[in-house]
1. Report, by residue number, each residue of the range 155-165 that is surrounded by fewer than 18 Cβ atoms within 10 Å (Cβ to Cβ) and in contact with a strand residue (DSSP E or B) (Cβ under 8 Å, 6 or more places away or on another chain).
2. Of all residues in the range 13-28 being among the polar types (S, T, N, Q) and outside any loop (DSSP other than H, G, I, E, B), which is farthest from the ligand (Cβ to nearest atom)?
3. Could you tell me how many of the residues in the range 42-68 are part of a helix (DSSP H, G or I) and surrounded by fewer than 11 Cβ atoms within 10 Å (Cβ to Cβ)?
4. Assess whether Val412 counts as being touching a residue at least 12 places away in the same chain (Cβ under 8 Å), in contact with a strand residue (DSSP E or B) (Cβ under 8 Å, 6 or more places away or on another chain) and crowded, with 19+ Cβ neighbours inside 10 Å.
5. Taking Trp121 as meeting all but one of (1) surrounded by fewer than 17 Cβ atoms within 10 Å (Cβ to Cβ); (2) under 15 Å from Asp33 (Cβ atoms), write down the number of the exception.
6. Run Glu56 past the list (1) within 37 Å of the chain's Cα centre (by Cα); (2) over 26 Å from Asp292 (Cα atoms) and report the number of the one that doesn't hold.
7. What tally of residues in the range 101-126 results from selecting those that are within 13 Å of the ligand (Cβ to nearest atom), part of a loop (DSSP other than H, G, I, E, B) and not small (Gly, Ala, Ser)?
8. Kindly indicate whether Asp84 is out of contact with any Ser or Thr (no Cβ under 9 Å at 6 or more places or on another chain), closer than 23 Å to Gly198 by Cβ, in contact (Cβ under 8 Å) with a residue 24 or more places away in the chain and not hydrophobic (A, V, I, L, M, F, W, C).
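The values are calculated or read from the model by the stated rules, or taken from the named source; none is laboratory data. All of these numbers come straight from a predicted model, not from anything done at the bench. With ideal geometry, Cβ positions are generated from the backbone for all residues, glycine too; neighbour counts draw on all protein chains shown.
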Amino acid sequence: LQNKLWGGRFVGNTDPIMESFNASIAYDQRMWDADIRGSKAYVRALQKANLVTQHEMNQIHVGLDKIHGEWSSGKFQIKPGDEDIHTANERRLKELIGEAAGKLHTGRSRNDQVVTDMRLWLQDAIATLKGNTIDLINTMVERAAIEIDILFPGYTHMQRAQPIRWSHWILRYALKNFREKNELDFNEISINSMDATGQRDFVAEFLFWGSMCLMHLSKMAEDLILYSTKEFSFVSLSDAYSTGSSLMPQKKNADSLELIRSKAGRVFGRCAGFLMTLKGLPSTYNKDLQEDKEAMFDTYDTLHAVLQVATGVMSTLKVNQKNMKAALSPDMLATDLAYYLVRKGMPFREAHSCSGKAVYHAESKGIPLSQLTVEDLHTFSPLFDSDVSSVWDYTSSVEQYSAQGGTARSSVASQIEHMRAWLKEH
Ligand code: ARG
């Protein structure tokens, strides 16, 4: 057991199945760079504390730089017994510089190393994901600016509700990504050593952030899948982000969006699974924590791909303005009809009921709500007058909602400006 970092007190061999069960090198080798950076900083601290000489520190730095070169050129050779990335790098350091390598581990444990490596790796990963998120937000904001005047149906309970701006829909998701992106900053320093090695809050928070981000992207994907069906035909996906059927020649499936939707489940599972790993652990390091890596890497890889695909989908999507407009129907102005009565002094509750009766009446006559005559409407309220015709205008309907967050042009434009200003800072 000479090749094991911890071999001294052992006389028996590790069972081969245990050996591979225990090893994390297959996936933690991704942290080779973080591991080397961590060691270089650590040996500097050792030198300051006079635990290694200046010469030994230089030797170790030169050795670590060589190892860095081997990893980056793909020449690093993983050997049997390289349990994890920390072991592998230290083994190689000893081969390269001899005895001095043994001093690097003075006063530290792999438990310290692994958490340091994870944090360093995650910092870079987060920087990349921030970039991906910004690309997506930027695409969406500029799309909203160009398509600001396209109206289409807003839905609640998946039933036609009120007309809204398409750009308002886009910004709803852009804003979500924006909020999630801001929550990515968590680099507080641990001030307690038992906590530092034994907690993985930063991993759990990353997994939760990933889950929230994908939850929103999954909802956005679901909307777009619906909007891209022949029945809706509001949008059509670029060929670049669709696939076909091997049987039915006419098919163009929104696979990109379906995969985005499905990846949410995968990442939620990573988050929930890892929290369950954590929940019963006694203080400080336990090998259970080795499970942190696959959860973190997989979440990163998934988000990295999803954000890029979502950006591609959103930048190439075709919007069918005509169909969006055609999908608006006068019943979606029933709330406006109630507001008409409110403006004439009727309490909203009563106005709601009058408008509801008019909806029922039009429905039973089989005509659009806007086709009811003033005489018809009079049976529901004497307040109806010929000026009621002004209600049947989708644009003036959306223009009513000019408060912050509303769907009026000015309000959507200020959401766009807000996001553009923010994008400029980042
Ligand atoms: N490969 C381990 C992990 O990923 C590193 C720490 C191992 N520490 C130990 N005492 N066995 O968590």
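1. Within the range 155-165, Tyr155, Arg160, Ala161 qualify.
2. Ser20
3. Final tally of qualifying residues: 3.
4. When the stated conditions are applied, Val412 passes them.
5. (1)
6. (1)
7. 2
8. Considered against the rule, which asks whether it is out of contact with any Ser or Thr (no Cβ under 9 Å at 6 or more places or on another chain), closer than 23 Å to Gly198 by Cβ, in contact (Cβ under 8 Å) with a residue 24 or more places away in the chain and not hydrophobic (A, V, I, L, M, F, W, C), Asp84 comes out as no.
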